[in-house]
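Throughout, read-outs are computed from the coordinates displayed, never taken from laboratory work. Being a predicted model, the structure only gives us computed values, none of them experimental. Cβ placement follows ideal geometry from the backbone for every residue including glycine, while neighbour counts extend to all protein chains displayed.
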Amino acid sequence: MKPRHFLRETDFTTAEVARIFTLARHLKQQRGRHEQPLAGQTWAMIFAKSSTRTRVSFEVGIHELGGRPLFLGVNDIQLGRGETIRDTAKVLSRFIHGIVIRTYKQTDLDELAEQGGVSVVNALTDLFHPCQIYSDAFTAAERWAGPSGDLLDSLRGRKIAFLGDCSFNMANSWIMGAQLFGMQVSLGGPAGYGPGEKIREIAARSGAAFHFTSDPFEAVAGADIVYTDVWASMGQESEHAERAQRLLPYQVTEKLFAAAKPDALFMHCLPAHAGEEASQAVIDHPRSVIFDEAVNRLHVQKAILALLAQG
Ligand code: CP
Ligand code: NVA
């Protein structure tokens, strides 16, 4: 039987997302006292970029599901010295049961999935960060549906406004995720920092619609969620000064946040840079749910791993 992968948002159907959310809520309620679908398994975690939340939530999550996480910094294995993805995939598949990977190129994940014989999970690439937005959507749904309401249903028809660098992984993931969750996405950023050709093509192929504007107030009007991300992502550090200058008008200030719906949530994947993409007051706002997003990474990823383990 071919293993299933989670490489991009659309690898699960809407019906499966509903199952993932329901299972995540169950696992969160039952923490430490639930079934262990990864019992006896070892999962490799290949990381070519820094991480706090993703690394810790996957290590703890795999452990809580009965499995063993094996962290492999990319420079500690031969991949970092030029061994091919193909050979790495073929070797690892003979030892372990699944691979969680954070790297640059999405195509490396596709190759790893194609060449290996085990499930591969995207822990962030330059193109997508699907685990993050599944957890973010779950975080909003938890608030809106309450302890027993229909989680996915509570997202339908809601609007998310994404501010800042709309050309990279988080914005791309929201473009693809919004469609899956039945939401609308409005992106606010300067010319040159909007969705690129590649994501436009992918979105067009799967019928994912989005609105891009250079007016931040237009982007947040009527929004249920105001979301932002760092101005310089991992790998773009040398562009920080130029980006800071161009992206400053898109900083989520109290004034901009107040232009969304009166009960809108503020979200950020973290790590945050207060005074850059969002003001400290917004980061600490009573309707900021940034740390709930972080902890829900654990519960939602456990549900994803449990589903993949079922085959
Ligand atoms: N949000 C997120 O993926 O955080 P880390 O880079 O700390 O894993
Ligand atoms: N866009 C950011 C997200 C970090 C979770 C980055 O890629 O660095």
field: Proximal lysines relative to Lys261, as straight alpha-carbon distance under 18 Å, when same-chain residues fewer than 8 apart are discounted
entry: Lys159
- prompt: Using modelled amide H (1.01 Å from N, peptide plane; none on Pro or chain starts), what sits under 5 Å from the amide H of Arg68, excluding residues fewer than 5 places away?
  reply: Gln41, Thr42, Trp43
- prompt: Quick one: if you take sqrt(5λ) for each eigenvalue of the C-alpha gyration tensor of the range 152-311, what semi-axes come out, biggest first, whole angstrom?
  reply: 23, 19, 17
- request: Considering the convex hull of the alpha carbon atoms of the range 76-160, report its projected area averaged over all viewing directions, in nm², one decimal.
  value: 7.6
statement: With Cα coordinates, the longest principal axis of the chain makes an angle with the long axis of helix 106-115, in degrees rounded to 10, of 20
- request: Work out how much length Gln310 to Thr213 would gain on full extension: take 0.36 nm times their residue separation and subtract the Cα-Cα distance, in nm to one decimal.
  value: 30.7 nm
Full-stretch length increase - Asp11, His273 - with 0.36 nm per residue and alpha-carbon distance subtracted: 91.2 nm
statement: The orientation-averaged projected area of the Cα convex hull of the chain, in nm², is 15.2
Debye intensity ratio I(q)/I(0), log10, the range 122-187, q values 0.19 Å⁻¹ (C-alpha model): -0.69
- line: The Cα radius of gyration of the range 1-147, divided by 2.2 N^0.38 Å with N its residue count, comes to 1.06
field: Which of Thr213, Pro37, Gln245, positive extreme of dipole for the chain (C-beta unit charges)
entry: Pro37
- prompt: If the cut-off is 24 Å between C-alpha atoms, which lysines fall inside it for Lys302, apart from same-chain ones fewer than 8 positions away?
  reply: Lys2, Lys28, Lys49
- prompt: What number, in percent, do you get for the relative contact order of the chain if the mean sequence gap of Cα pairs under 8 Å and at least 6 apart is divided by its residue count?
  reply: 20
query: Amide H neighbours of Arg8 under 5 Å, counting only residues 5+ apart in sequence or on other chains, H built in-plane at 1.01 Å?
result: none
- prompt: So how tilted is helix 53-64 from the main axis of the chain? Cα-based, degrees 0 to 90, rounded to 10.
  reply: 40
- request: Take the alpha carbon atoms of the range 213-264, find their center, do the same for the range 146-183, and report the distance between the two centers in whole angstrom.
  value: 16
task: Could you pull out the GluC sites (Glu not before Pro) across the range 138-242 that fall in loop regions by DSSP (anything but H, G, I, E, B) with no more than 13 other Cβ atoms inside 10 Å?
output: none
statement: In the chain, taking the dipole from +1 charges on Lys and Arg beta carbons and -1 charges on Asp and Glu beta carbons about the Cα centre, the listed residue (Phe181, Gly66, Ala141) farthest towards the positive end is Gly66
